[in-house]
Amino acid sequence: MDPVIKVGIFLAAFGLLLVIGRMLASSSEVHASTLPHPHLGDPGTLPDSTTEEGKRHSLVGSEIEFPIQLPPVQRLGNGTFNRPIVTNYYFAKTDLVRGPSDPNGFVDEFTMEMMDPATGERMKYQYTVATPAGLRQYLEEQRFDSLYIDSSTVIVTRWDLGMILQTVIDQIMQDSATEDRRKDQPADARQPADRSEE
């Protein structure tokens, strides 16, 4: 068989596998749409969050529509992707649709689950999301005089699921881009310069 035909068949098969892989990866992502505001309309129109046993549970991202628009997942020129695929997200105590009992004063742990479109690796990011009033209330309840807040904390003025998601995803994409740039640098460029005098 002619080598040109063999190469053509190989490229066609590789392209088909790539298209199938992308279709499978994008089908597991939570799709973008608009989420009804948790404080508007008839509460009876909100999704049911009661299990068969009659116990109430908090809704998670895979059970509702995604409240913000994200750019489509695309392969970049350097072979990486512009963003990971969102597979799920949830709060430890707060229902995503109903929100906290006090939208201006809450503290909760937020988890974002994502998948790397290149490798299929699952990633989990965790943040503390709080309002200033919620932090103040937490300090008073715990009788703390101070509180250390690390880089995995998101402070918002009020409950707004779209704003919280956008903030977290923007940070994840920024961190990912920084990590990709660092990986692209030659190994010697990543080493700190020796400033000792000879």
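The values are calculated or read from the model by the stated rules, or taken from the named source; none is laboratory data. Predicted, not measured: the structure shown is a model, and the values here were computed from it. In this analysis, Cβ positions are derived from the backbone assuming ideal geometry, glycine residues included, and neighbour counts consider all displayed protein chains.
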Within segment 61-96, count every residue that is modelled with pLDDT of 90 or more and of a type in the set (Asp, Glu).
1
Quick check on Glu121: is it among the acidic types (Asp, Glu) and touching a residue at least 24 places away in the same chain (Cβ under 8 Å)?
no
Selection from segment 142-176 of residues under 14 Å from Asp108 (Cβ atoms) and acidic (Asp, Glu) yields Asp160
Please work out which residue is farthest from Trp159 (Cα to Cα), limiting yourself to segment 103-149 and to residues that are touching an Asp or Glu at 6+ places or on another chain (Cβ under 8 Å) and basic (Lys, Arg).
Arg122
Given the criteria on the phi > 0 side of the Ramachandran plot, modelled with pLDDT of 90 or more and not polar (S, T, N, Q), does Gly99 qualify?
yes
In the list Tyr148, Tyr89, which residue meets the criterion of being of a type in the set (Phe, Trp, Tyr) and surrounded by 15 or more Cβ atoms within 10 Å (Cβ to Cβ)?
Tyr89
For Ser151, state whether it is modelled with pLDDT under 90, under 18 Å from the mean Cα position of the chain (by Cα) and farther than 20 Å from Val73 by Cα.
yes
